[in-house]
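Throughout, read-outs are computed from the coordinates displayed, never taken from laboratory work. This one's a predicted model, so the numbers in the text were calculated from it and none came from an experiment. When we count neighbours, we look across all protein chains shown, and the Cβ atoms used for this are built from the backbone with ideal geometry, even at glycine.
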Amino acid sequence: MWVTLKGKRLTVKIDLERYINTPYPFFLIFMIDEHLLLGACWEGEFEGANADVYGFFESLLTACYYFLQPEHPHVQKITKFDRENAERDGFELRDEVVVYQTTLVAEAAGTYYFCSTRNLTRIYYENDFLKFTDCPEYKGKHKGVVELSLKEFIEDVLKISREYLEKYAPVIEKIRLEHGEESDDYDFLQKFYREVEELYKKKFGSES
Amino acid sequence: MNGQAKQLPKVFRDERELREFLDDVVKKTLENSDYKKQFFKNGAPNKNFGISVDLKKLGINVDGIDVVRLEFKFEKGKFVLKTAYPKKGSAVWEYRYVNRYERGWIREG
């Protein structure tokens with residue numbers, strides 16, 4: 001059974017029925033509008049990439065956390081280093097002030113650079129699973145950049161992360177424990193979510 | 001490939017050599033101040049995360065492998081390596097099982 005978490009532009013789908021005993025046990029699809037960032041398309045149907053759901057959401061929240069503190073020395077150092085890495089990976093970055101590379105904790109699925117300017121989020125991606133798609137609408141669309149406003153991105157991440165933590169984390173945790181996994185630290189993720197939310201309110205509070 | 005047997009590239013002679021390589025990658029990653037930063041968010045350890053390590057930056061030379069991916073979890077006060085695999089290099093092949101029931105494996109990239 002696929003469950004869907006939907007923001008204004010971001011969509012995440014997770015299959016709660018299939019579990020593979022690896023560090024990436026669940027099938028997950030990640031889209032922004034029609035851009036398929038994580039997952040594949042075969043014979044007209046989407047298929048998920050294997051991912052660690054907790055790590056996936058932690059990565060999205062980390063991107064927001066960095067975007068909201070571009071002046072922090074840690075963020076500046078990460079940015080400097082990941083800008084070099086992005087160039088090595090063949091991406092032509094522009095005027096971004098924050099650059100954060102993540103694997104999205106998905107299995108060999110792709111390369112992602114989450115970047116921000118003062119007002120924009122740009123995600124440079126190469127989705128390896130999409131490279132050899134047989135869906136005509138996705139041919140040649142495995143590598144690209146998607147742009148949205150910074151506010152929009154953070155609001156969507158907060159919305160879908162909250163939904164994940166409230167509705168699906170307990171279900172996913174139950175499945176994991178049934179397969180003999182150690183429990184994940186949800187207190188940490190809750191706390192981290194609230195920290196990002198606070199930073200968001202500080203920056204955008206008066207406007208929203 | 002497409003139903004035919006295919007000789008995969010071989011980089012390490014045996015499991016011991018592979019293990020030594022992985023130990024070396026993890027050790028040098030942790031010694032590298034840039035990569036070490038990717039373990040933390042402003043000082044607090046990341047919980048579940050992956051990093052892509054450029055072997056050239058670590059001064060490791062292995063014919064056929066350029067980039068290795070490492071996935072960690074922070075458990076009971078320690079970073080635990082969950083898995084590691086090569087991501088880029090001339091000996092790194094990607095396979096995709098196209099239609100699980102009919103077509104078999106094809107080579108990608």
Got at least one residue in region A:119-135 being β-branched (V, I, T) and within 14 Å of another protein chain (Cβ to nearest Cβ)?
yes
If you check B:K76, B:K41, B:K47, B:K57, which single one turns out to be at the interface with chain A (Cβ under 10 Å from one of its Cβ atoms), closer than 20 Å to A:N50 by Cα and of a type in the set (K, R)?
B:K47
Among the residues of region B:4-58, the number that are assigned to a loop (DSSP other than H, G, I, E, B) and touching a strand residue (DSSP E or B) at 6+ places or on another chain (Cβ under 8 Å) is 6
Among the candidates A:N50, A:N21, single out the residue that is buried (at least 17 other Cβ atoms within 10 Å of the Cβ) and of a type in the set (S, T, N, Q).
A:N50
Please state which one of A:N50, A:N21 is closer than 25 Å to B:G89 by Cβ and in contact (Cβ under 8 Å) with a residue 40 or more places away in the chain.
A:N50
Looking only at region A:74-112, count how many residues are assigned to a loop (DSSP other than H, G, I, E, B) and either facing chain B (nearest Cβ under 9 Å) or buried (at least 24 other Cβ atoms within 10 Å of the Cβ) (or both).
7
Residue satisfying all of: in region A:113-126; buried (at least 23 other Cβ atoms within 10 Å of the Cβ) and in contact with a Leu (Cβ under 6 Å, 6 or more places away or on another chain); farthest from A:A86 (Cα to Cα) among these:
A:T121
For region A:130-208, which helices (runs of 4 or more DSSP H) that fit wholly inside it have 3 or more residues that are closer than 16 Å to A:K8 by Cβ and under 16 Å from the mean Cα position of the chain (by Cα)?
A:150-163
Could you check how many residues of region A:127-163 are among the small types (G, A, S) and surrounded by 23 or more Cβ atoms within 10 Å (Cβ to Cβ)?
1
What's the number of the only condition in (1) in contact with a strand residue (DSSP E or B) (Cβ under 6 Å, 6 or more places away or on another chain); (2) within 28 Å of A:P23 (Cα to Cα) that A:C135 fails to meet?
(2)
Being surrounded by fewer than 17 Cβ atoms within 10 Å (Cβ to Cβ), in a strand (DSSP E or B) and charged (D, E, K, R) is the filter here, so list the residues in region B:59-91 that pass it.
B:E75, B:K78
Filtering region A:1-48 for residues that are among the aliphatic types (A, V, I, L, M), farther than 23 Å from A:L158 by Cβ and part of a strand (DSSP E or B) leaves a count of 1
Looking at this structure, is B:G43 without any contact (Cβ under 8 Å) to a residue 12 or more places away in the chain, closer than 17 Å to A:Y100 by Cβ and exposed (fewer than 13 other Cβ atoms within 10 Å of the Cβ)?
yes
Counted residues in region A:64-73 being of a type in the set (A, V, I, L, M, F, W, C) and surrounded by fewer than 24 Cβ atoms within 10 Å (Cβ to Cβ) come to 1
